[in-house]
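The values are calculated or read from the model by the stated rules, or taken from the named source; none is laboratory data. Computed from a prediction, not measured in an experiment: that's the story for all the values here. Don't worry about glycine lacking a Cβ; one is built from the backbone with ideal geometry, like all the others, and counts go over all protein chains shown.
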Amino acid sequence: MRLAVPCEDDGGLDSRVASHFGRARYYVLVDAEGGGVSSARVVRVPFEEHGPGDLPNFLRSLGVDVVLAYGMGPRAQRFFSEMGIRVVTGAAGRVGDVVSAFLAGSLRVDEGWAERPGFREHGRGSG
């Protein structure tokens, strides 16, 4: 399984999850096998500006199965859903901790992320 996590910088598993999926410049791609992380690498978003569907298509081209994010608009969530990619919103903290908790089935998410300033226009949604 390949997971993608938008992050604040290029620090990999030590980075923090970016607060907004569509504004992240980097993503950590994590390959998981047997309930653990088998590899992780940072990819930079290849475009400065993006339109609807660009980021979901980019991540699909990298073989992503699951996106762990904090905030994400409903249109991006819809694109991922149509592609068969699972989205979990409300994930916050250090990328490595978020990934480990997700793989262990113990990830706690902020269900109220959409009510935070800057997200109200996005509406609700979690995976």
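Filtering 76, 32 for residues that are closer than 24 Å to residue 116 by Cα and surrounded by 15 or more Cβ atoms within 10 Å (Cβ to Cβ) leaves a single hit, 76.
Inside the stretch 80-111, residues that are touching a residue at least 12 places away in the same chain (Cβ under 8 Å) and at negative phi make up a count of 22. The residues on offer are 38, 106, 81, and the sole one that is hydroxyl-bearing (Ser, Thr, Tyr) and within 21 Å of residue 11 (Cα to Cα) is 38. Considering only the stretch 1-16, state which residues are in contact with a Lys or Arg (Cβ under 8 Å, 6 or more places away or on another chain) and of a type in the set (A, V, I, L, M). Within the stretch 1-16, 13 is the sole residue that qualifies.
Applying the condition of being touching a Lys or Arg at 6+ places or on another chain (Cβ under 8 Å) and over 21 Å from residue 105 (Cβ atoms) to the stretch 62-73 and asking which residue is surrounded by the most Cβ atoms within 10 Å (Cβ to Cβ) yields 71. The set of residues in the stretch 86-112 being more than 11 Å from the chain's Cα centre (by Cα) and not small (Gly, Ala, Ser) consists of 94, 97, 102, 103, 107, 108, 109, 110, 111.
Inspect the stretch 26-42 for any residue being farther than 12 Å from residue 2 by Cβ, touching a strand residue (DSSP E or B) at 6+ places or on another chain (Cβ under 9 Å) and without any contact (Cβ under 8 Å) to a residue 40 or more places away in the chain and give the result as yes or no. Scanning the stretch 26-42, I find at least one residue that is farther than 12 Å from residue 2 by Cβ, touching a strand residue (DSSP E or B) at 6+ places or on another chain (Cβ under 9 Å) and without any contact (Cβ under 8 Å) to a residue 40 or more places away in the chain, so the answer is yes.
Against the condition at pLDDT below 90, out of contact with any Gly (no Cβ under 7 Å at 6 or more places or on another chain) and either part of a helix (DSSP H, G or I) or over 25 Å from residue 12 (Cβ atoms) (or both), how does residue 121 come out, does it pass? So that I can check it myself, show each step before the final result.
Numbers: at pLDDT below 90: yes; out of contact with any Gly (no Cβ under 7 Å at 6 or more places or on another chain): yes; either part of a helix (DSSP H, G or I) or over 25 Å from residue 12 (Cβ atoms) (or both): yes.
Here the answer is yes, as residue 121 does meet what is asked.
The criterion of at least 1 residues that are in contact with a Leu (Cβ under 6 Å, 6 or more places away or on another chain), basic (Lys, Arg) and modelled with pLDDT of 95 or more is met by none of the helices (runs of 4 or more DSSP H) wholly inside the stretch 34-117. Within the stretch 51-79, residues that are acidic (Asp, Glu) reach partners that are in a strand (DSSP E or B) and surrounded by fewer than 23 Cβ atoms within 10 Å (Cβ to Cβ) with beta carbons closer than 6 Å, at six or more positions or on different chains, in the pairs 65/2.
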